[in-house]
Each structure stands twice: as C-alpha cells, then as structure tokens.
Amino acid sequence: MPELPEVEIRRQYLETSSLNQPIAHIDVEDRKLLTTDYGILSERLNGRSFVGTRRVGKNLFVFTDDPTVILRMHFGMTGDLDYYHASLDRPRFARIVFAFESGFNLGFLCPRKFERVGLVDDVDKFLLEKKIGPDGLDITPEELKVRVRKRKAPIKPVLLDQATTAGLGNWIVDEVLFQAKIHPEYPSNQLTDAEIDQLHAAIRLVLETAIRHEATYRDFPISFLTHVREWDDSPYDDIEAHKFCPRCGTRIERSEVGGRTTFHCPNCQRL
C-alpha cells in the first residue's frame, strides 16, 4: 500500500502537472469513494484551481485558489494519480476524474476502492481530530522523545501508530529499527536519548532514500534490510541468498510483533 514515500511522489506529480488550471467538472464513477457529498464537492470545486499541496503522513491535502476549499486525498492500499489529455482513453481504475478547462484531466485511480477523496475545512483541525501526529520528515528529535516515552509498548507498534509520527508503515518501521540497531520488541519508554536520536536519524535516512529512489525497492542500497522481503521487484533470483544481515551476515529472523510481520537481525538488534 502507498506509504509516506509513495504519497510524497504522488504529491510531487500533482504539483508538476495539475496546478493553476480551472476545474471544468468532476466525474465520479463510484460516489462511495467520496467523504463529501458529490453535489457539495462539485459546487465548491468547479471553477477553482489547485494552487499547492501539503502532505502529512499518508494524507495529501490539495489547496485551491479559495483558502476555504481544501481537498484531501487518501490513497488507501493501491491509489495513484494519472494526468492525461481528454482526447485519450480514460485510465483504468480512474474512478474520480478532475477535468480541467485546459483539456487535460487528473485521474484518481482506485483499483481496490479503499481510496478516499473529500473536502476538509482546516488541515490542522483535521489532523487533531484524527489524532495524526507530526509527519515522519518533520518530527524533531525532541518531539519523538516525548511521544515515544509516553508508551510502554514495544517500539515497533508505537512507531506504527500514526499518533506517534505520521506515515511510517510496516516495512519502513522494520527498516528504521534495523538502521538504528534497535530490537522491534524493545520497550518504548526505556529507550535512551542516544537511541532515540539514532531512531530519528534512521527515520530520515529511510524516508529520504525511498523518495529519492521513487520507492523502487530493488534500487535501495544493499545495506538496507528491505532486500530480505520478497518484493515483486526483488533483484535476487535466489530467495535464500538475501536472507542474511548485510552488516554481520547473521540470518534475518521473521516473526510477528504487534500483529505485524516483522524482520530483524538477532545479532545487530539485541533485546
């Protein structure tokens, strides 16, 4: 499913393709995907132009030339965007289409229909109501220390909680903990200042690397744990060849932590 890096890539795509073009109309194939009534959505967006974006975790907010009209996109498990000319065929799964007066369209792709689009009145108010913490790229070491130490749970589920910091999904948290050399079951409230600083640095490293490589996992540095996962684009032909820690050579362990499949090195990440 789209995690913070994928949503950031979609944000950049929207900004480079779809700004400053008045919306002629909105075509919605399945209105269950809307969190705002279709009539209200059309009334408030028709004639408006997208002028900027803000991403917080997995939420993409699109601002218009009316400061009171803000669109929220959530990409669910498989959502994507496709900018195309109206003379071309509608992209597959483009269940919501913003048709611009320029003759171009922005399709919001919803293959599995878990995606959502709607209006919000105020971004910060929305984040507060939904208990969404600071974005993974924006959180400071001090904020991370406060939020992590509030909890006695294992660090992995604490980092997965969007109230701690927004945008970290399962594979990202495994990678962050591997890079920081912290065991996924280590009690969150027992981490030292130095360990949380390592955690903060690892969050930035993993997110910035993923964005730089456009979330193409096979292109990540060989020092990344993500290569032990059986991605569709894995560069390894021999499944067993990449099951060992790239730092120490110890076989990577697979377990379940907080109900989620978890990978870690038992030597580098000791409990």
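Quick look at the numbers
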{"item": "Cross-chain or 6+ apart pairs with Cβ under 7 Å, segment 20-42 first and under 16 Å from Arg72 (Cβ atoms), then among the acidic types (Asp, Glu) and surrounded by 15 or more Cβ atoms within 10 Å (Cβ to Cβ)", "result": "Leu33/Glu115"}
{"item": "Set Leu45, Leu41, Leu14, Leu19: member being open to solvent by less than 20 Å² (accessible area, probe 1.4 Å) and closer than 30 Å to Ile203 by Cβ", "result": "Leu14"}
{"item": "Members of segment 80-110 found to be more than 21 Å from Val69 (Cβ to Cβ) and surrounded by 15 or more Cβ atoms within 10 Å (Cβ to Cβ), listed by number", "result": "Asp80, Asp82, Tyr84, Arg90, Pro91, Phe93, Ala94, Arg95, Leu109, Cys110"}
{"item": "Any hit, segment 128-140, residues being more than 22 Å from Leu191 (Cβ to Cβ) and among the acidic types (Asp, Glu)", "result": "yes"}
{"item": "Considering residues of segment 118-154 that are in contact (Cβ under 8 Å) with a residue 40 or more places away in the chain and part of a helix (DSSP H, G or I) only, the residue farthest from the chain's Cα centre (by Cα)", "result": "Arg149"}
{"item": "Test set (1) over 16 Å from Asp138 (Cα atoms); (2) surrounded by fewer than 22 Cβ atoms within 10 Å (Cβ to Cβ); (3) not basic (Lys, Arg) - Asp174 fails condition number", "result": "(2)"}
{"item": "Segment 181-205 - residue that is assigned to a helix (DSSP H, G or I) and among the acidic types (Asp, Glu) and, of those, farthest from Asn170 (Cα to Cα)", "result": "Asp193"}
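The values are calculated or read from the model by the stated rules, or taken from the named source; none is laboratory data. Here the structure is a predicted model, which is why all the values come from computation and not from measurement. Note that each Cβ is placed from the backbone with ideal geometry, even for glycine, and that neighbours are counted across all protein chains shown. Note: areas computed on protein heavy atoms with side chains; ligands, DNA, RNA excluded. Shrake-Rupley method; radii C 1.70, N 1.55, O 1.52, S 1.80 Å.
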